[in-house]
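The values are calculated or read from the model by the stated rules, or taken from the named source; none is laboratory data. This is a predicted model, so every value here is computed, not measured. Cβ coordinates were reconstructed from backbone atoms using ideal geometry, including for glycine residues, and neighbour counts include every protein chain displayed.
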Amino acid sequence: MMVWTIATATMCYCHTIGKFISHGKARLVAIFPAILILLLLPLRLISIHLGGPTSFFLAWLSTFKLLLFALGKGPLSSNPPLPFSHFVPLSLLPIKLFQTQHQPHLSNTQNSHTNLPSDKIPEKADVDVNNLTPPDNKDVSRNMQNSQVTKKGHKSPLHKVYAIMVFVLALLIPLYANKEVLHPKFILFLYCLHMYIGLEFLFGLTSLSARKLHGLELEPQFNEPYLCTSLQDFWGRRWNLMVNRILHPTIYEPVVNESTRFIGRKWASMIGVLATFTVSGLMHELVFYYIKREKRTWETWEPSWDSMCFFVLHGVCLAIELALKKALKGKWQLPRLVSWLLTVVFVFYTAVSLFVPALVRCHVYEKGIRELNVIAELGKDFYGLLRFV
C-alpha cells in the first residue's frame, strides 16, 4: 500500500508538472526525481507476486512513459492534456486506451499510419518494426473483429478464461512438489507455461479492473501468441504489446533516425531492432534483480545474462528475418503451418534454454510456490472460519 500510494502521488506531481512546464529539457529535469523514486520503490517489496509486477510496472513501463511524457510523446501526452483520472492509471498500469472516434484528444505521436488507407501510408512505415511487411487478410480480419467486440462492450468469456487459468495453475503446484521424478526440461516447460498463464491473468485482471473503475475501453496485452507465424508476428503483434509500444518510440525510432544518417534507411531498421532487444534484455535483468532479493535493501547486482542472451538472440534472428522479407519482397513464403511450427518451437526452445533458467537461478519459482501455498492455507483457514461463524 505504501509503495503504490507513493507511486500515485508521484504521478500526481508529474501531471501537475505537465500543466506548467512545456515538453523538453526543462520538463525532463523536473520529472527526473519522479523517475528516480519509481526506480527505488520496488526495493521495498520482496514478494514475487507483489514485487515482480510492481517492478515491471513502475521501474520499467512507468519510467519509460515519463521519459516520453517529458519529450511530449507517448501515451501520457495528448492535446488537450489527459484528465487526471486517466493520466494516473495510464501512467502506472500496463494499459492503453483504444484509439476510437470518441477519443479525439490523441497526440500527434499516437496517430498511427496504420489507421490510414493502404495507398496513403507514409514512407515512415518502412522503419516500423510492426509494419515492415503487412499482415495477411486473416490477421487483419481477426484483429478488427476483436477490436469491434471490445469497443461495443459485448461480454467476452473472460470469466471462463480466468477460471481455466486458475485451474491449470492449481494443477501445476502438485507437479512442482514431485519435480524430482520429472525430466528437467519438462520442469522448465512447466515454468514457461506458469509464466505465460500468470502474465495473461495479471494483465487481463489489470485491464478488467481499470475498465470497471474508470470506464476505459482498453486494448489487450496479448493477442494469442501461440498462433504466431514469425518472430515479427510474435514480438510485434502478439506478445506483451504494451512493452512493444513503449520501446518503439523510446529506443527503436531514435536509433533508426540516427542510424539512417550513416548507413541509410534500408539497414537502419536492423540496427533499431538490435538496440530495442538489447534494452529489453537489460530491463529484464533489472526486473530479475528486484525479484530475487531477500531483504528490503540494496543488494549486489549479479546478473546472469541469460535473459540478455535470449533477447539479443531474438533480436538478431528478427533482424535476419526482416532482411530476408525485404530481399524476397513477398515472392516466396513458407506454408503457414510450417512457419507457425518453426516459430513456436524456436520461441519455446530458446525460452527453456535461456530465459527460464535465469528465473530459476533467481529462485523465482521456489518463492512463488511458497507464496501460493501460504495463500492456499490462508484461504482454507478463512473458509473454515466462515463455516464456523
Worksheet item: more than 17 Å from Gln232 (Cβ to Cβ) and part of a loop (DSSP other than H, G, I, E, B), is that true of Glu285?
Response: no
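Would you please name the residue that is surrounded by the fewest Cβ atoms within 10 Å (Cβ to Cβ), looking only at residues in the stretch 69-98 that are closer than 19 Å to Ala26 by Cα and over 18 Å from the mean Cα position of the chain (by Cα)? Before you say what the answer is, go through the steps one by one.
So the first thing to find is which residues in the stretch 69-98 are closer than 19 Å to Ala26 by Cα, and the list is 69-74, 76-78, 81.
Among the residues that remain, those that are also over 18 Å from the mean Cα position of the chain (by Cα) are: 69-73, 77-78, 81.
On the way: Phe69: 26, Ala70: 27, Leu71: 18, Gly72: 18, Lys73: 19, Ser77: 21, Ser78: 22, Pro81: 15.
Top of the filtered list is Pro81.
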Practice prompt. Could you tell me whether any residue of the stretch 211-223 is under 25 Å from Glu321 (Cβ atoms) and either hydrophobic (A, V, I, L, M, F, W, C) or free of Cβ contacts under 8 Å to residues at least 12 places away in the same chain (or both)?
Written response: yes
Item to complete: Count, please, the residues in the stretch 292-320 that happen to be over 22 Å from the mean Cα position of the chain (by Cα) and within 22 Å of Ser230 (Cβ to Cβ).
Response: 1
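Those residues that are part of a loop (DSSP other than H, G, I, E, B) and polar (S, T, N, Q), I need them from the stretch 80-99; list them, please. Walk me through it before giving the result.
Taking the stretch 80-99 as the starting set, the residues that turn out to be part of a loop (DSSP other than H, G, I, E, B) are 80-83, 93-96, 98-99.
Answer for the stretch 80-99, where residues must be part of a loop (DSSP other than H, G, I, E, B) and polar (S, T, N, Q): just Gln99.
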Discussion item. I'd like to know if the stretch 279-290 contains one or more residues that are over 28 Å from Arg370 (Cβ atoms), surrounded by fewer than 20 Cβ atoms within 10 Å (Cβ to Cβ) and of a type in the set (Gly, Ala, Ser).
Written reply: no
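Can you tell me which residues in the stretch 353-370 are in a helix (DSSP H, G or I), under 24 Å from the mean Cα position of the chain (by Cα) and not hydrophobic (A, V, I, L, M, F, W, C)? Even if it seems obvious, please write down each step before you answer.
Step one: list which residues in the stretch 353-370 are in a helix (DSSP H, G or I), which gives 353-361, 364-370.
From what is left, the residues that are under 24 Å from the mean Cα position of the chain (by Cα) are 353-361, 364-369.
Passing the criteria: Ser353, Pro357, Arg361, Tyr365, Glu366, Lys367, Gly368.
Quick one: which of Arg44, Arg27 is surrounded by fewer than 16 Cβ atoms within 10 Å (Cβ to Cβ), farther than 12 Å from Leu92 by Cα and touching a helix residue (DSSP H, G or I) at 6+ places or on another chain (Cβ under 6 Å)?
Details: Arg27 fails: surrounded by fewer than 16 Cβ atoms within 10 Å (Cβ to Cβ).
Checking each option against the conditions leaves just Arg44.
Condition check ((1) buried (at least 18 other Cβ atoms within 10 Å of the Cβ); (2) in contact (Cβ under 8 Å) with a residue 24 or more places away in the chain; (3) more than 17 Å from Pro357 (Cα to Cα)) across all residues:
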| position | (1), (2), (3) |
| --- | --- |
| Val255 | yes, no, yes |
| Phe262 | no, no, yes |
| Phe277 | yes, yes, yes |
| Lys295 | no, yes, yes |
| Glu299 | no, no, yes |
| Pro303 | no, no, no |
| Phe311 | yes, yes, no |
Worksheet item: Has the stretch 52-68 got any residue that is crowded, with 22+ Cβ neighbours inside 10 Å and either over 19 Å from Phe203 (Cβ atoms) or touching a Gly at 6+ places or on another chain (Cβ under 8 Å) (or both)?
Response: yes
Worksheet item: Quick one: what pairs do we get from the stretch 226-249, first residue of a type in the set (Lys, Arg), second surrounded by fewer than 21 Cβ atoms within 10 Å (Cβ to Cβ) and part of a helix (DSSP H, G or I), C-beta under 6 Å, 6+ apart or different chains?
Response: Arg238/Pro225
Worksheet item: Among the residues of the stretch 5-21, is there at least one that is in a loop (DSSP other than H, G, I, E, B), touching a residue at least 40 places away in the same chain (Cβ under 8 Å) and of a type outside the set (Asp, Glu)?
Response: no
Worksheet item: Looking at this structure, is Val344 aliphatic (A, V, I, L, M) and closer than 24 Å to His284 by Cα?
Response: yes
Item to complete: Show the residue pairs that are 6+ apart or on different chains and have beta-carbon atoms under 7 Å apart, the first residue being within the stretch 322-333 and farther than 19 Å from Met270 by Cβ and part of a loop (DSSP other than H, G, I, E, B), the second being modelled with pLDDT under 85 and not acidic (Asp, Glu).
Response: none
